[in-house]
Each structure stands twice: as C-alpha cells, then as structure tokens.
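What follows is calculated from the coordinates using simple rules that are stated; it is not laboratory data. Worth saying up front: this structure is predicted, and the values here are computed from it rather than measured. Note: ideal-geometry Cβ built from the backbone for every residue, glycine included; neighbour counts use all protein chains shown.
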Ligand code: KIV
C-alpha cells in the first residue's frame, strides 16, 4: 500500500497529475473513500452543516473535530488525512499550537486553517513543530459574517490580486497545500500557476491541481446543492462506484465542467 504524503502530492503537481480530495467524518466512509483510491480525506468543519444541521460552520468545536478526526483516522489507510481547525481555535499562537496538536494526536496528518497573511506566523510555527499545514483562501466559510454571505470571491482585480498575494505568502510561510473555494475559473488558474504547492479547488474551475467536494454533496443528499457540485450517485451507481467515478473524473480533468464553474 502506497501512503500518500505531502511530498507525493507535490510530485503529482510537478508531473501534471490531478488528484481527488473528499470529506469524511467517520470510519466507515473513510474506509470506502480510501478503497476508492482518493488521495486525500478532509475531516471538514462542514460537519457542522451536514452532520449537525447548522447553517454555518461556526458552532463546530475543537472537541467535535477531534472526535470525528479520531473516527475517520480509524478507517484511513493510504489517504492523507487533513483535519480542519474550527472557528475560534486559532486566534492566538498558543491556541493554534495546542489545538493543532490535539488534532494530530487524534490521527490527522495535516491541519487546515482559513485565512491570509495574518496566519503566516502560525503556519511557520506549526511546520517547525512537525505539523504540516493546508491553507484555505477565497470563500472562507468561517468568515461568512464578514463576507456578507456564501459568495464567489476575487471577482474584481484588487480582490483577485489579494488572494494571489495571500497564496504566495502562505506557501512562503510553509504551507504544503492550499484550498481555494469559490473563485472565478481564471483566478483558480492564476493561483495554481503562482504557487509551487498543490492547489485544491472547490468551485474554482478545472485548472487547479486537485478538486475537493463535501461527501454529502457528491452523494446528492445535502440540503442545498451549490452550482459547483455534481451528484455522482445519480443514475443508480452504488456509493463505491460513485466515489471511483468522482476520482476518475477529477484525474482525467473532466470534473468540474463549465456548468460547475464561475466566470
Ligand atoms: O469544511 C470543509 O468541508 C471544507 C471544504 C469544503 C473545502 O473546508
């Protein structure tokens, strides 16, 4: 069994090979996703929406994240396991280190944080202390109240330039991966070309190095299906087949199609 690492994902970017990422929150789905050959499993704070029934990720706690990370880790063999740091858990350097350590001890291989240049000091500290980091820019759902809703980001030149500057800063601080959410296709491409680390898009067009979806969206059972989602279970496939079809579609560059992307 080949274990996926930040280094093997970087090698895929260098070789121009796209890879698939999917969220999971428990051992059973982690096992099925891992068996489908999906390279990265994300224990997303989207569990606040799809498991807990909230309308945002803000109520999710570090204890919730540690519990679901531990469950998911028990079903993960080959995939790289990333855990989200929830809202309010990385406001200070001390909190960041304590809470990221708890997620790693629960079984994560990497933690994900939402935000730009203000995170650089934390990212440098975490990587120095043995905790790999994935950044998250564009639509950052934990900031929904600042952004005024779940809206496409980086539509004007200044906003697009800011996301690119932030991406470069996060890489320079030591981030190994970067999630870019809900930006126009052209910006998704510019960001992927501006940094050397793999860029994982969600609603960021087909040119990013990888794609991520929320599991319940891919299965078509979320309360609301955003434009960038495709229901891979539609047409009668079983869940393992739907997951393999998603992986194949991402690796071949067939997903996302134009109808899943923003101009
Ligand atoms: O919480 C989550 O599932 C995420 C993905 C949507 C990228 O952050």
>> Of the candidates 69, 57, 241, which one comes out as most mobile in a Gaussian network treatment of the chain with C-alpha springs shorter than 10 Å?
In response: 241
>> Test of understanding: ordering 111, 212 by Cβ neighbours within 10 Å, fewest first, what list do you get?
In response: 212, 111
> What nm distance separates the two modelled labels at residue 8 and residue 118, each placed 7 Å from Cα along Cα→Cβ?
Replying inline: 3.6 nm
> Between residue 159 and residue 94, what is the spin-label point distance in nm, taking each point 7 Å from the Cα along the Cα→C-beta axis?
Replying inline: 3.7 nm
>> Just to verify a number: FRET efficiency for residue 1 and residue 248, C-beta to C-beta distance, R0 = 25 Å, to 0.05?
In response: 0.80
> So how many Å³ per residue does the convex hull of the Cα atoms of the stretch 1-66 work out to?
Replying inline: 117 Å³
>> Based on alpha-carbon centroids, what's the gap between the stretch 169-183 and the stretch 94-167 in Å, whole number please?
In response: 7 Å
>> Need one number for the chain: average projected area of the convex hull over its C-alpha atoms, nm².
In response: 12.3 nm²
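Once you order the gyration tensor axes a ≥ b ≥ c over the Cα atoms, which shape class does the stretch 36-122 get: rounded for a/c under 1.5, otherwise prolate or oblate by comparing a/b with b/c? Don't jump to the answer; show the numbers that get you there.
On the way: a/c = 1.69, a/b = 1.26, b/c = 1.35.
Cα axes put the stretch 36-122 in the oblate bin.
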> Given the C-alpha centroids of the stretch 224-242 and the stretch 23-63, what is the distance between them in whole angstrom?
Replying inline: 16 Å
> Can you sort 183, 144 by how many other beta carbons sit within 10 Å, fewest first?
Replying inline: 144, 183
